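**Student:** My structure is below; once you've seen it, I'll send some questions.
The values are calculated or read from the model by the stated rules, or taken from the named source; none is laboratory data. Remember, it's a predicted structure, so these values are computed and weren't measured experimentally. With ideal geometry, Cβ positions are generated from the backbone for all residues, glycine too; neighbour counts draw on all protein chains shown.
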Amino acid sequence: MEVRLPRARCVRCGHRPVKRAVVVGSGISGLAAAWKLTRQGWQVTVLERDQWIGGRVRRVAYEGMDIDVGAAFVTDFYFHARKIMREIGLENELVRFSLDSAVEHDGKLKSLWPLPEMVAEGLLPVTALVRLAAGTMTLAPKWLSLNPGDLDAGIAYDDETAQSWSERVYGAEVTERVIKPLLRGVVHWDAETTSRAVLFAMLKAFLAHPRAYVPRTGMAALPLAMADGLTVQTGARVTGIVRSGTGWAVHCDRDGGPETFEADAVVCSAPATQVADLVPELSHVDKEFFAGVRYSSTAVAVVKVDGKPDTLRKSVWFTMQDQSSIVGMTPYLFRDDDRDYSIVRISLSDPAYRGNAGMSDGELGQFVIDSARRMPQLSTLLRSGSVVGLARWPEALPVFDVGHLKKVRSWRSRNSGSLVFAGDYLRGPYLEGAVRSGLEAAARLG
Ligand SMILES: Cc1cc2nc3c(=O)[nH]c(=O)nc-3n(C[C@H](O)[C@H](O)[C@H](O)COP(=O)(O)OP(=O)(O)OC[C@H]3O[C@@H](n4cnc5c(N)ncnc54)[C@H](O)[C@@H]3O)c2cc1C
C-alpha cells in the first residue's frame, strides 16, 4: 500500500519551496522533522520502509477498535509533543489513560499505583515503606534539576546503575517489588545496567506528572495527523544515502524496483542500528557512536478474554523471579462499555523475544499466552484467552545504560551539516524524546 499525500507547500508564502529534503522513516521523530521542515519552507518527501506510517506508534484493528500495540499514552511532561498535538488539533481529543498498576507478589496481585492503594494492599512491609519515603526524600536536593522530558538535566547522575542506587537507598524489598518491575514493565530495561539518572527522571514523572492521556481514537491518530499535508511514500525501503554534487542521493527499493531521490538535505530517522549500513561514508567516530546504541526487544500480543474481571482493569508488571518470559500486561479500556469481553496487551521479555524470534506469529502468540497462564493469578483469568493480534518490536526501546546519556550528549554536537539524525535514542525512549529529536534535526537544517 502506498499513502500518497498532497505535496508539501510552504505554509508562509504558498509557493513551492526550493530546498528539497528527504526524511528517512515515518516514525514520530521523522514526522516531527518533516512537519517542522515544511514550516521552514522546505519541500519534503518522507520515505518509509513499512506499509504503514508511525513506526513504533502502531495499531491492530479488532472488531471496530484500534488497539495500540506500540506507544499508548502521552503525559503532562511531553512539552514538545503536546505543543504539536495542540497545533494539529489532537489536544482536544485526549482522554485519560489509566496508569493504575499492580505487581505479582507472593502469589497475589498487589497494587503498585496509585500510592494509597499500594499502601493499603500491603505490597511493601511498613519498614520498606518508610525506606521508600525516606529514600525518595534524598532526591529533594536534586528534584528541581530533574526533568523527565529532558534527560540531559540529570546527566550528573549518569554514574551508577538504578539497581545499585536503589538497593543502597531503598533496600532490597523496594528494589525487587517496585523498581525492578517498573523498569522491566514500562521500558523493558534491566535495573542492573540502567542508569540511575533515567530512574530519577521516571520517579519524578510518576510523582510530579501522574496523569497520562491518549487520543480518543488511539495513539495512531498522532502520526496520521502529523503526516496530513506531507508527502509520505510507504513501502519505500532506503538502501543507501550517498553524497551527490552539493547534496545527497537517497537510494531506495520500492515495489516497482529501485528508485533514487535527490535532496539538498537528509534527515535519517531510522533506528541507530541501521545507520552504518545506510550511510557508507560515516566517520570512525560516528560509526562507533551508532554501534554503541542498543535497544531492548519485545513482542506485544493482543489477547481477548471472556468477561470483564476487575483484575484485568489494571496493568500488571512482573518481576524476573515471577516470570522470566513476560514483562507486563496492559488492559485496553473500551470507550464504549457494552462488550462482554476484555482486551489485554501482553509483552514478552527481551530474552524471551530474542530466543523465540524465529517462531511464526501464530506460534509466538501462543507462546505469550501460555507463558502468561503460568502466573498463578492469571491462569484462570486467561483460560478463555485467544490472541487476536501481534506486533514484533526487535528495536522496542533504546537502552539508557550508565554512560549512554553522556555519550549521546557529547555526540550531539556532531549532528550537523546537511545529513542529520533523529530518533528517540538521541533524546529519550518515549514520544517526547522522538518529537524533540526530530524538531532539533529540522532546526539544524534551518
Ligand atoms: C511496545 C512499545 C510501547 C511503547 N509505549 C510508549 C508509550 O506509551 N508512550 C511513549 O511516549 N512512548 C512509548 N514507546 C516508545 C515510542 O513508541 C518511541 O519512543 C517512538 O515512537 C520512537 O519514534 P522514532 O521516530 O524515534 O522511531 P521509530 O518509530 O522506530 O521510527 C523509525 C521509522 O523508520 C523506518 N525505517 C527503518 N529503516 C528504514 C529504511 N531503511 N528505509 C525507510 N524507513 C525505514 C521504520 O519503519 C520506522 O517507521 C513505546 C514503544 C514500544 C515498542
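**Student:** Please tell me if ALA156 is surrounded by fewer than 23 Cβ atoms within 10 Å (Cβ to Cβ) and under 30 Å from TRP52 (Cα atoms). Break it down into steps so the answer makes sense when it comes.
**Tutor:** Details: surrounded by fewer than 23 Cβ atoms within 10 Å (Cβ to Cβ): yes; under 30 Å from TRP52 (Cα atoms): no.
Answer is no for this residue.
**Student:** Here's a follow-up. Got a sec? Which of SER244, SER269 is under 26 Å from the mean Cα position of the chain (by Cα) and either exposed (fewer than 14 other Cβ atoms within 10 Å of the Cβ) or polar (S, T, N, Q) (or both)? Spell out how you get there, then give the answer.
**Tutor:** Working: SER244 fails: under 26 Å from the mean Cα position of the chain (by Cα).
Result: SER269 is the single residue among SER244, SER269 that is under 26 Å from the mean Cα position of the chain (by Cα) and either exposed (fewer than 14 other Cβ atoms within 10 Å of the Cβ) or polar (S, T, N, Q) (or both).
**Student:** Right, here's the next one. Mind checking which residues of segment 243-272 are assigned to a strand (DSSP E or B) and among the acidic types (Asp, Glu)? Spell out the reasoning first.
**Tutor:** Narrowing segment 243-272 to residues assigned to a strand (DSSP E or B): 243-244, 247-254, 257-263, 265-268.
Correct list: ASP253, GLU259, GLU262.
**Student:** To continue, here is another question. Could you look through segment 54-74, keep only residues that are small (Gly, Ala, Ser) and out of contact with any helix residue (DSSP H, G or I) (no Cβ under 7 Å at 6 or more places or on another chain), and pick out the one that is surrounded by the fewest Cβ atoms within 10 Å (Cβ to Cβ)? Step through it out loud before you land on a result.
**Tutor:** To start, the set of residues in segment 54-74 that are small (Gly, Ala, Ser) comprises 54-55, 61, 64, 70-72.
Still in the running and out of contact with any helix residue (DSSP H, G or I) (no Cβ under 7 Å at 6 or more places or on another chain): 61, 64, 70, 72.
Details: ALA61: 12, GLY64: 7, GLY70: 20, ALA72: 19.
Applying the filter and picking the extreme gives GLY64.
**Student:** Quickly run through segment 34-53 and pick out the residues that are within 10 Å of the ligand (Cβ to nearest atom) and surrounded by 22 or more Cβ atoms within 10 Å (Cβ to Cβ).
**Tutor:** Within segment 34-53, the first condition is being within 10 Å of the ligand (Cβ to nearest atom), and the residues that meet it are 46-53.
Residues satisfying the conditions are VAL46, LEU47, GLU48, ILE53.
**Student:** Moving on. Which residue out of PHE421, PHE400 is under 22 Å from VAL23 (Cβ atoms) and surrounded by 22 or more Cβ atoms within 10 Å (Cβ to Cβ)? Lay out the reasoning, then the answer.
**Tutor:** On the way: PHE400 fails: under 22 Å from VAL23 (Cβ atoms).
It is PHE421.
**Student:** For segment 427-439, indicate whether the set of residues that are free of Cβ contacts under 8 Å to residues at least 24 places away in the same chain and part of a helix (DSSP H, G or I) is non-empty. Before you say what the answer is, go through the steps one by one.
**Tutor:** Initial filter on segment 427-439 (free of Cβ contacts under 8 Å to residues at least 24 places away in the same chain): none.
Scanning segment 427-439 turns up no residue that is free of Cβ contacts under 8 Å to residues at least 24 places away in the same chain and part of a helix (DSSP H, G or I).
**Student:** Test of understanding: among ALA391, ALA422, ALA434, which residue is within 14 Å of the ligand (Cβ to nearest atom) and either outside the structural domain of SER244 (by TED's automatic domain parsing) or not hydrophobic (A, V, I, L, M, F, W, C) (or both)? Lay out the reasoning, then the answer.
**Tutor:** Values: ALA422 fails: either outside the structural domain of SER244 (by TED's automatic domain parsing) or not hydrophobic (A, V, I, L, M, F, W, C) (or both); ALA434 fails: either outside the structural domain of SER244 (by TED's automatic domain parsing) or not hydrophobic (A, V, I, L, M, F, W, C) (or both).
After applying the criteria, what remains is ALA391.
**Student:** I've got another one for you. Exactly one condition in (1) in contact with a strand residue (DSSP E or B) (Cβ under 9 Å, 6 or more places away or on another chain); (2) farther than 30 Å from VAL95 by Cβ; (3) buried (at least 22 other Cβ atoms within 10 Å of the Cβ) is not met by PRO148; state its number.
**Tutor:** (2)
**Student:** Has segment 230-241 got any residue that is at pLDDT 95 or above and in a helix (DSSP H, G or I)? Explain how you work it out, then say what you get.
**Tutor:** Filtering segment 230-241 for residues at pLDDT 95 or above gives 230-241.
After this cut, where a residue has to be in a helix (DSSP H, G or I) as well, the list is none.
Within segment 230-241, not a single residue is at pLDDT 95 or above and in a helix (DSSP H, G or I).
**Student:** Counting residues that are more than 21 Å from the chain's Cα centre (by Cα) and away from the ligand (no atom under 16 Å from the Cβ), which helices (runs of 4 or more DSSP H) fully inside segment 122-212 reach at least 3? Explain how you work it out, then say what you get.
**Tutor:** Details: elements: 126-137, 140-143, 162-169, 180-187, 196-208.
Per the criteria, 126-137, 140-143, 162-169.
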